[in-house]
There are 2 protein chains.
Amino acid sequence: MATEGEINHPYIPRDLKLPGFVPGFLSSSTRLAYFGIPSLMVVSFTWILSGGIHKISKVDRILMCWWILTGLAHIIFEGYFVFSPEFYKVNTPHFLAEVCKNEKLASKGDSRFVARESGVVSVEITMVVLGPACLLAVYAIATKKTYSYILQLALSLGQLYGTAVFFITSTLEGNNIAASAYYFYVYYVFANAWWILIPTMIFIRCWKKICSACQAQEQNKTRRSKTG
Amino acid sequence: MATEGEINHPYIPRDLKLPGFVPGFLSSSTRLAYFGIPSLMVVSFTWILSGGIHKISKVDRILMCWWILTGLAHIIFEGYFVFSPEFYKVNTPHFLAEVCKNEKLASKGDSRFVARESGVVSVEITMVVLGPACLLAVYAIATKKTYSYILQLALSLGQLYGTAVFFITSTLEGNNIAASAYYFYVYYVFANAWWILIPTMIFIRCWKKICSACQAQEQNKTRRSKTG
């Protein structure tokens, strides 16, 4: 462990002070396995279980997989990050701390996580709040609740807004946040881009569905007022 | 004008560096008149004009007033702020610069505006983008477009998210941002609270309207599949 004042971490900017920083223990393939295997299991279970729902479309089943995955990610990874400001000092092989030290949710791709910049932490807090609502979306799709589309639209908008604040903030600050060009493009740009792409697609789909429902209601009203 | 290094401004924290800062020229009552009179005119015009729309409810007319007012505020005040990083150096009586030097949109209530913190600037950029969409909401309500509720819901959510990021960020940083308790509560808490209160009310209203439209469509489908 390095003493205070010394640069003892792999992050950019180099003058970032992280007294007590302990490097990770797990290899990147171990981390990938810890992340990938449970994710794959969750998606598989959701896909299989959702197949038993009466008259459900494939798109809705895919959406259930997305919402359960992104919801759990918000709760587990972002929840751990929000409530563990000193994750970079963890000196045992701890999966969540290691993910924060390395992957998307911090640090090599975006050192503002480990530096605990308040803008980034604020966005993460809002994401933790969205987490349980994402699980509610899974339930809403499965049980065909009337609020299903509107909830999905609201959640997607929240994810879009959060990711936009991320990108705009770091652009304003000159994007001096990634340990290398590889980490910048793979962990910061590419990984975050999914939370722009997928929420945008869901937003457009829900917008159209809701508009058509509103239109149908409007036509019914007009018909009734003409016949009544 | 003070030289660099000297503390030459009324903002908190006192060690904030603002070389070239020029105090305001207009009195607070002049600023209030410049702000209040056009606002009142816009609201009055909207209220009167909207009265001529066929079968429009009072709530929708009030909402038209809200969206035109908040839309113009996003475009004019927040637009000026975003594109004028050096507003604090303006050395002529300039209304928008003076508002930024004093009121809500900065500085005595929340010095992060004048300090140009990237989190705050990011939120302001997203608000400028929302501005024209607020004016679209006025048009959508007036012409009873099917996307009216969904647009209002999306806009309210954007405003709520932005205000939440504001409040969470400054709380994380210890709220050391206001020139006095008066400015903190009146300009920071009270003024921003409207952008929590009103969007929340609109959000709930639109949510209910959309749910009932979706429910009606669902019932129609069920009826048709039974009779068909």
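Residues of the stretch A:12-60 that are open to solvent by 80 Å² or more (accessible area, probe 1.4 Å) and β-branched (V, I, T): A:I37, A:I48. Of all the listed residues (B:I177, B:I141), the sole one being touching a Ser or Thr at 6+ places or on another chain (Cβ under 7 Å), modelled with pLDDT under 85 and either over 23 Å from A:I202 (Cβ atoms) or within 14 Å of another protein chain (Cβ to nearest Cβ) (or both) is B:I177.
Among the residues of the stretch A:67-77, are any farther than 19 Å from A:L155 by Cα and open to solvent by less than 30 Å² (accessible area, probe 1.4 Å)?
First, pick out the residues of the stretch A:67-77 that are farther than 19 Å from A:L155 by Cα: none.
No, because not a single residue in the stretch A:67-77 is farther than 19 Å from A:L155 by Cα and open to solvent by less than 30 Å² (accessible area, probe 1.4 Å).
Within the stretch A:154-163, at least one residue is over 26 Å from A:H54 (Cβ atoms), within 19 Å of the chain's Cα centre (by Cα) and of a type in the set (F, W, Y).
Tell me which residues, restricted to the stretch A:133-154, are of a type in the set (S, T, N, Q) and open to solvent by 30 Å² or more (accessible area, probe 1.4 Å). Across the stretch A:133-154, the qualifying residues are A:T143, A:T146.
Give the stretch B:149-172 a look and list any residue that's without any contact (Cβ under 8 Å) to a residue 60 or more places away in the chain and within 8 Å of chain A (Cβ to nearest Cβ), or say none. I'd like the intermediate steps shown before the answer.
Narrowing the stretch B:149-172 to residues without any contact (Cβ under 8 Å) to a residue 60 or more places away in the chain: B:151, B:153-154, B:156-158, B:160-169, B:171-172.
Once the filter is applied, which keeps residues that are without any contact (Cβ under 8 Å) to a residue 60 or more places away in the chain and within 8 Å of chain A (Cβ to nearest Cβ), the stretch B:149-172 yields B:L153, B:A154, B:L157, B:G158, B:Y161, B:G162, B:A164, B:V165, B:I168, B:T169, B:L172.
Give me the residue from the stretch A:192-206 that is open to solvent by less than 20 Å² (accessible area, probe 1.4 Å) and more than 11 Å from chain B (Cβ to nearest Cβ) and, out of that set, nearest to A:I141 (Cα to Cα). Reasoning before the result, please.
Initial filter on the stretch A:192-206 (open to solvent by less than 20 Å² (accessible area, probe 1.4 Å)): A:192, A:199, A:202, A:206.
In the following step, the residues that additionally are more than 11 Å from chain B (Cβ to nearest Cβ) were identified as A:192, A:199, A:202.
Numbers: A:N192: 25, A:P199: 16, A:I202: 13 Å.
Step by step, filter the stretch A:192-206, then rank; the result is A:I202.
Filtered by the rule that a residue be within 20 Å of B:V121 (Cβ to Cβ), open to solvent by 30 Å² or more (accessible area, probe 1.4 Å) and not charged (D, E, K, R), the stretch A:82-132 gives A:A115, A:I125. Among the residues of the stretch A:138-182, those identified as in contact with a helix residue (DSSP H, G or I) (Cβ under 8 Å, 6 or more places away or on another chain) and aromatic (F, W, Y) are A:Y147, A:Y149, A:Y161, A:F166, A:F167.
Quick check, is A:S212 open to solvent by 40 Å² or more (accessible area, probe 1.4 Å), facing chain B (nearest Cβ under 9 Å), at pLDDT below 95 and at negative phi? Give the derivation first.
Values: open to solvent by 40 Å² or more (accessible area, probe 1.4 Å): yes; facing chain B (nearest Cβ under 9 Å): yes; at pLDDT below 95: yes; at negative phi: yes.
Answer is yes for this residue.
Taken over the stretch A:205-228, the criterion of being in contact with a helix residue (DSSP H, G or I) (Cβ under 9 Å, 6 or more places away or on another chain) and closer than 30 Å to A:W66 by Cβ is satisfied by A:R205, A:C206, A:W207, A:K209, A:I210, A:C211, A:S212, A:A213, A:C214, A:Q215, A:A216, A:Q217. Mind checking which pairs have a first residue in the stretch A:83-104 that is more than 23 Å from A:I37 (Cβ to Cβ) and a second that is open to solvent by 30 Å² or more (accessible area, probe 1.4 Å) and not in a helix (DSSP H, G or I), Cβ under 7 Å, 6 or more apart or different chains? Hits for this filter: A:P85/A:R116.
The values are calculated or read from the model by the stated rules, or taken from the named source; none is laboratory data. None of these values were measured; they are calculated from a predicted model. Note: ideal-geometry Cβ built from the backbone for every residue, glycine included; neighbour counts use all protein chains shown. Note: areas computed on protein heavy atoms with side chains; ligands, DNA, RNA excluded. Shrake-Rupley method; radii C 1.70, N 1.55, O 1.52, S 1.80 Å.
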